[in-house]
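Written out below as structure tokens is the structure these notes cover.
The values are calculated or read from the model by the stated rules, or taken from the named source; none is laboratory data. These numbers come from a predicted model, not from an experiment. Please note: Cβ atoms are built from the backbone with ideal geometry, for glycine as well, and neighbour counts cover all protein chains shown.
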Amino acid sequence: MKKIILPALLLALIATPLYAAEAPAGEASPPAPVTEAAATPAAVEAHPPGEHAAPDTKHQHWHFSGMFGTYDRAALQRGLKVYREVCSACHSLKRVYFRNLEDIGYDDGQVKNIASQYTVADGPNDEGEMFDRPGLPSDHFVSPYPNDNAAKAVNNGALPPDLSLITKARHHGPDHVFGILTGYEAAPAGITLLPGQSWNRQMPGNIIAMAQPLQDGQIAYEDDTPQTVDQYARDVVQFLAWAADPYMEERKRTGIKVLIFLAVFAGIMYGVKKKIWANLH
Amino acid sequence: MGSGIRTPFENTVVEWIDSRLPIFTMMQKEYGVFPTPRNFNYFWNFGAIAMIMLVLMIVTGIVLAMHYTPNTGMAFDSVERIMRDVNGGWLLRYLHMNGASFFFIAVYIHIFRGMYYGSYKKPRELLWILGVLIFLLMMATAFMGYVLPWGQMSFWGATVITNLFSAIPLVGDKILTLLLGGFTIDNPTLNRFFALHYLLPFVIFAVVFLHIWALHVTGSNNPLGIDTKGPQDTVPFHPYYTIKDTFGTLVFLLIFCFFVFFMPDALGHPDNYTPANPMVTPPHIVPEWYFLPFYAMLRAITFNIGIPGTDIVFISAKLGGVLVMFGSIALLFVLPWLDSHPIRSARFRPWYKIALLKFVVVFALLGYIGSQPADAALGPIPLSWFGLLFTAYYYGFFLVILPWLSKNEKGRDLPPSIHEAVLKGSA
């Protein structure tokens, strides 16, 4: 990548301290700082009953926010676990390949192991038959349904969206998805929900076809990270944000270098301009 | 074109070429020693900046086209493949996506510059008209480019905009069918939009060439709006304006790169990260931000025009909106004749200056109205009423205020020359 950004290369020297400061994020990180997440209040205030207003998305602080924001590898790995054990029952993640998981801190062997836990339909083989085989790193995440109609048929006609781009495909995507996952509550009096529907304060119109996906203690984390709905939601949102924008860290790192280069170059050019024009005044 | 008297070059290779094709002589004449008013301010950077953006768009666009697949079943996936699997693809696409926005920013400022300092006036009418033509071609190119990723807003934006053509009496449906390559937006539409999106930038490039040619015949306008009267009023283009344009361009690119690297999706719409689905209409269809003022004018006409009390309709609300929207661009073409005031620069026309700055505010407010849902309201008043009011000002500015000011605005005294104004420090 760096090869194609000539200005960035020229600036590599100048930007070295910044680059170095950010570099450790590329390695697998120690377990996530849980205190911050646990301390964040979970809720958005409820809409008055019956009011179908547009959701007032509550903004969360994310590890990846800001110019220097990076992905928290531990949170991403926990988020992958949440996706695999819960979300993937209905939602595909078809733009992410198993090989991409190396980006979130797994080594080659671990990626092969994860991939091999899936069954992939392949073929036709030399006999013209389709066959099943274990997944490979070069496969994308296996979708839960063979096609959209099959997905709708078992979900009361609602199509669970693919999650590969979900945090980009909604306004304030990460906050929105977090709001949905933590936004379930009892329907206000006077509202009758049809079978399969739930009440969600984040959902536009408040009625959602997805049953509450997360419960406290549902997924067993391997470390002492709190096993709460809030923490699960926070982790899976970070995983999905990475899935939607896997080059974010490289983009921001490059951006810092490009901005420094342009600022320095512009400054020099301003000096040259002053000097040239001084002849006239 | 560089013919006529030629001074030999010392470098033998350069001289060999130049004596056969005097390209070095031409560059020297048009960009080396070209006499340029000495009093430009930073508004004069935006022509060069727009040129840089055009080149950036063409270069990134060509590489993107190598990886893009213009097929309704594959277009969205191919764009995501560029974002994820093509080396540097995310950068190319973000440069192209945000480059479109920043190209429009540069061009809007360039147009404002032309209006504020009266650059469209005699003898630069044709130069201005070519510029408006470039703007119109840019709009067509940008619109078709936005369709290519085949997201929800691509599809539904295209549906809304192409449908406008069906408002044209008698031949509207035929034009629509020709435009779409069928009766609805589908694969033939995407294919022809891709072909035209690839073609039009080169047409723009050709018109830019004519634009610059015309500029180099009349010479540049300047902030005082008075003609240059001799060598004391000008400086050679190089190095004075090459360095000033370089500095200005770098500052512009700095802001551009901030968007590309740190908020690349801020100027787009989230719905375009959902693949196009003809069965699901987004709740709120909006074009790209640079079309919003025109979109507001389109939606401002919510009533039919006919004989009151009867069913006779001469102009339906839809046709009315279309006419008003395209008319707003058409007015720009005839601007040099709507404003016939002898003074060019708004510096010496206080009334015109106020009317123009109001025009800019109204244009921005139209943009805001265009971004809101059609049924939005400010308290009890529908926003579309404000849209109508501001549209009326837009038209009034061109058709009433400018002709009236041309006759009645006295204006301030002009300085005798650029040179003297510069020495007095007032330029």
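In segment B:332-344, the residues that are under 9 Å from B:Glu125 (Cα atoms) reach residues that are at pLDDT below 95 with C-beta atoms within less than 8 angstrom, at least six apart or across chains, in these pairs: B:Pro336/B:Lys122.
Criterion applied to A:Asn149, A:Asn125 was being within 14 Å of chain B (Cβ to nearest Cβ) and either farther than 26 Å from A:Ala233 by Cβ or of a type outside the set (Asp, Glu) (or both), and the one residue passing it is A:Asn149.
Number of residues in segment B:225-262 that are farther than 30 Å from B:Ala100 by Cβ, in a helix (DSSP H, G or I) and at the interface with chain A (Cβ under 7 Å from one of its Cβ atoms) equals 2.
Scoring B:Val400 on the criteria (1) at pLDDT 95 or above; (2) buried (at least 20 other Cβ atoms within 10 Å of the Cβ) leaves a single failure, condition (2). Number of residues in segment B:258-284 that are loosely packed, with under 14 Cβ neighbours inside 10 Å and either of a type outside the set (A, V, I, L, M) or at positive phi (or both): the value is 3. Scanning segment A:153-181 for residues that are among the polar types (S, T, N, Q) and modelled with pLDDT under 95, which turns out surrounded by the fewest Cβ atoms within 10 Å (Cβ to Cβ)? Per the stated criteria, the residue is A:Asn156.
For A:Gly179, the conditions (1) within 12 Å of chain B (Cβ to nearest Cβ); (2) more than 12 Å from B:Pro270 (Cβ to Cβ); (3) touching a Ser or Thr at 6+ places or on another chain (Cβ under 9 Å) are fulfilled apart from (1).
Given the structure, is A:Pro213 farther than 22 Å from A:Thr167 by Cβ and either more than 9 Å from chain B (Cβ to nearest Cβ) or assigned to a helix (DSSP H, G or I) (or both)?
Numbers: farther than 22 Å from A:Thr167 by Cβ: no; either more than 9 Å from chain B (Cβ to nearest Cβ) or assigned to a helix (DSSP H, G or I) (or both): yes.
The answer is no for A:Pro213.
Does B:Gly131 satisfy being more than 14 Å from every other protein chain (Cβ to nearest Cβ), closer than 30 Å to B:Val361 by Cα and not in a helix (DSSP H, G or I)? No, not satisfied. B:Trp337 passes every criterion in (1) over 18 Å from B:Phe303 (Cα atoms); (2) in contact with a Phe, Trp or Tyr (Cβ under 8 Å, 6 or more places away or on another chain) apart from (2). Yes or no: B:Phe103 crowded, with 22+ Cβ neighbours inside 10 Å and farther than 30 Å from B:Pro37 by Cβ? Judged against the criteria, B:Phe103 is not a match.
Has segment B:343-358 got at least one residue that is crowded, with 17+ Cβ neighbours inside 10 Å and under 19 Å from the mean Cα position of the chain (by Cα)?
The first filter runs over segment B:343-358 and keeps only residues crowded, with 17+ Cβ neighbours inside 10 Å, leaving B:343-349, B:352, B:355-356.
Cutting the leftovers down to under 19 Å from the mean Cα position of the chain (by Cα) gives us B:356.
Yes, because at least one residue in segment B:343-358 is crowded, with 17+ Cβ neighbours inside 10 Å and under 19 Å from the mean Cα position of the chain (by Cα).
Looking across A:Pro246, A:Pro204, one residue alone is facing chain B (nearest Cβ under 10 Å), assigned to a loop (DSSP other than H, G, I, E, B) and surrounded by 19 or more Cβ atoms within 10 Å (Cβ to Cβ). It is A:Pro246. From the list B:Met57, B:Met83, B:Met97, B:Met74, the lone residue that is of a type in the set (A, V, I, L, M, F, W, C), buried (at least 18 other Cβ atoms within 10 Å of the Cβ), closer than 21 Å to A:Ala243 by Cα and more than 12 Å from chain A (Cβ to nearest Cβ) is B:Met97.
Does segment B:369-379 include one or more residues that are of a type outside the set (Val, Ile, Thr) and part of a helix (DSSP H, G or I)? Within segment B:369-379, one or more residues are of a type outside the set (Val, Ile, Thr) and part of a helix (DSSP H, G or I). If we scan segment A:258-281, do we find a residue that is touching an Asp or Glu at 6+ places or on another chain (Cβ under 9 Å) and modelled with pLDDT of 95 or more? No, that holds for no residue.
Restricted to segment A:90-117, and to residues there that are of a type in the set (Ser, Thr, Tyr) and under 25 Å from B:Ser78 (Cβ atoms), the residue that is surrounded by the most Cβ atoms within 10 Å (Cβ to Cβ) is A:Ser92. Comparison of A:Gln218, A:Gln197 shows that the only residue that is away from chain B (no Cβ under 14 Å), surrounded by fewer than 20 Cβ atoms within 10 Å (Cβ to Cβ) and either on the phi > 0 side of the Ramachandran plot or under 21 Å from the mean Cα position of the chain (by Cα) (or both) is A:Gln218.
Checking each residue in segment B:148-187 for being in a loop (DSSP other than H, G, I, E, B) and touching a residue at least 12 places away in the same chain (Cβ under 8 Å) picks out B:Leu148, B:Pro149, B:Trp150, B:Ile168, B:Pro169, B:Thr184, B:Ile185, B:Asp186. Inside segment A:222-243, residues that are of a type outside the set (A, V, I, L, M) and either crowded, with 18+ Cβ neighbours inside 10 Å or closer than 29 Å to B:Asp85 by Cα (or both) make up a count of 10. At least 2 residues being under 30 Å from B:Leu267 (Cα atoms) is the threshold, and among the helices (runs of 4 or more DSSP H) wholly inside segment B:1-112 those reaching it are B:46-67, B:75-84.
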